[in-house]
Structure formats: C-alpha cells, structure tokens
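Here the structure is laid out as structure tokens; the discussion comes afterwards.
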Amino acid sequence: MAMSVFRRAFNPVRKLLPPWLANPIRNTATAVLAPLLTSYRTGHFRSSLKMAAVSRDGNPVPWYTYAAIDFLSGRSFTQKTVLEFGGGQSTLWWAARAASVVTFEEDRAWHDRIKTGMPANVELHHVDRTTGQRDDTQVSAVLAARGVERYDIVVIDGLTREQLFDIACRYLAPDGILICDNSEGYGFMEGLRDRGLLRADFYGNAPGVLLPHCTSIYFSGTSFAFDASIPIRVIAEE
C-alpha cells in the first residue's frame with residue numbers, strides 16, 4: 001500500500017520533471033522502500049525485534065524461508081495430518097491449518113515452555129536425550145503405538161535429522177509432502193537421494209534471520225501440494 005501511495009504521489013511530479021531527474025529519484029526511492037516494505041510485509045522486522053518467528057500481525061509462522069511459507073500459504077491443509085520433528089512456532093502455524101499435528105521435540109526446557117500453549121489438536125512428545133536411546137528409536141516406538149500409517153505432511157526441522165530420513169519416508173503419504181528446513185546441510189540431499197521423490201528448493205531469508213538459507217520440499221508426482229489446478233496466489237500490495 002505504501003508503494004502504491006508513493007506511485008500516486010510521484011506520478012504528477014514525474015510529469016513535471018525531466019527524465020534525467022525523475023528517474024534517479026524514483027530509482028532511489030525504490031531501492032530504499034522495497035527492502036523496508038518487504039521486511040514489514042513478511043514480518044521479518046517484527047520477528048527480529050521479538051526474537052520469534054511471527055507475521056507482521058504477530059501471529060506464529062514457521063521458521064522456514066519466506067519463499068516456502070508463501071508457497072505453503074497458498075495450499076489447503078484443512079483435512080491434513082502433520083508429523084513434525086522440532087516444535088515451536090511452526091507447530092502453532094500448522095495447528096491452525098491442519099486437522100492434527102504430532103510433534104517431537106528434544107529440548108526439555110523448550111518442550112515444557114511450548115506445551116502449555118498448544119491447542120487441542122496438537123500431540124507433543126519429548127525425545128529424552130538422557131536415556132541413551134537414539135532419537136529414531138524413541139520416535140519409532142511412539143509412532144508404532146499410535147497406529148497411524150501415514151501423514152500428509154512430514155517436517156524435519158529438529159532432532160538428529162539424519163536419523164529421521166527413513167522414518168519420514170516410511171510415514172509420508174503417497175501424495176504428501178516432506179518439508180526439510182536448512183536443507184543445504186544436515187545430509188538431506190544424500191539421505192533422501194533415490195527415494196523416488198522430486199524436490200523443490202525455496203531459497204531466501206527466514207523470520208528474524210540475517211543470512212538466507214534453503215527450505216526444500218520433497219514430493220511425488222501426485223502430491224496434493226503441487227497440483228497444477230491450484231490457482232497462483234496474487235500477493236496484494238500492502
């Protein structure tokens with residue numbers, strides 16, 4: 001919206017000024033306003049100050065790249081189930097959109113902190129590092145006891161990531177999506193190679209983070225999230 005106001009205000013001025021003067025003014029304003037407006041619109045500015053992943057309105061968002069968040073925001077998850085490794089703001093974001101969320105978190109203090117604010121459709125589990133058991137052993141035991149065969153969305157954004165590749169692929173629904181954050185590291189490429197999945201990489205900044213990274217989404221050719229009939233979102237000027 002601020003950019004639209006600028007355009008409307010500047011158009012009459014541009015007509016009065018010669019191009020050699022009008023163009024540098026416009027270009028300088030664009031160079032200054034565009035990153036500021038992007039930081040405001042995405043919530044990056046507020047996330048940086050709050051030290052938490054939030055939208056510009058203060059609502060929780062995942063700590064994925066903004067490109068990935070924008071992509072996911074254009075999909076419907078109303079009847080979908082989520083299996084998440086690493087809990088927090090993303091858990092609340094998914095809980096507001098999906099039918100149910102099962103989350104595993106290894107940090108006891110963080111687990112206890114976020115547990116009190118979780119809605120009824122979230123099932124939060126602690127992976128205890130003091131027992132000597134591997135993360136995948138504990139996760140497998142819990143999931144086997146639940147008896148759920150597949151999940152529509154599987155997220156790897158915590159725990160010992162390389163231990164979760166087999167579990168993630170085993171519990172991923174045939175038309176589901178596997179979201180891997182910070183996918184430029186942690187052995188994601190090597191661990192998920194030859195799994196029969198396609199991959200889309202979403203590069204860029206994340207909420208409150210200075211340096212860009214990558215969030216990757218693995219999927220099959222029949223994935224609901226990559227259905228070509230889904231309309232392309234038009235992001236309104238704000």
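Every number in this text was worked out from the coordinates using simple rules, so none of it is lab data. The model shown is predicted, which means the values in this text are computed figures rather than measured ones. Cβ placement follows ideal geometry from the backbone for every residue including glycine, while neighbour counts extend to all protein chains displayed.
Details
- Between the helical axis of 135-146 and the longest alpha-carbon principal axis of the chain there is an angle of about 80 degrees.
- Of interest is the spacing of the C-alpha centroids, which for the range 167-238 and the range 55-70 amounts to 15 Å.
- Estimated inter-spin distance, T131 and Q163, nm [label 7 Å along Cα→Cβ]: 1.0 nm
- The charge dipole of the chain, taken about its Cα centre with unit charges on the Cβ atoms of Lys, Arg (+1), Asp and Glu (-1) only, comes to about 1220 debye.
- Using the Cβ-Cβ distance between N23 and I230 with R0 set to 35 Å, the FRET efficiency from 1/(1 + (r/R0)^6) comes to roughly 0.35.
- In this structure, the amide hydrogen of V54, modeled 1.01 Å from its nitrogen in the peptide plane, lies closer than 5 angstrom to those of S47, V61, counting only residues at least 5 positions away or on a different chain.
- Helical contribution to [θ] at 222 nm, DSSP H n ≥ 4, -39,500 (n - 2.57), averaged over the chain, rounded to 500: -11500 deg cm²/dmol
- For E190, E184, E84, order by how many other beta-carbon atoms lie within 10 Å, fewest first: E190, E184, E84
- Rounded to the nearest Hz, the phi-derived 3J(HN,Hα) couplings of the range 120-131 under the Karplus curve 6.51 cos²θ - 1.76 cosθ + 1.60 (θ = phi - 60°) are 5, 8, 10, 10, 9, 10, 9, 9, 7, 7, 8, 7, where x marks glycine and proline.
- Neighbour-count ranking [beta-carbon atoms within 10 angstrom, fewest first] of T130, T42: T130, T42
- Principal-axis tilt of helix 2-16 within the chain, Cα atoms, nearest 10 degrees: 20 degrees
- When only Cα pairs below 8 angstrom with a gap of at least 6 residues are kept, the chain shows a relative contact order of 20 percent.
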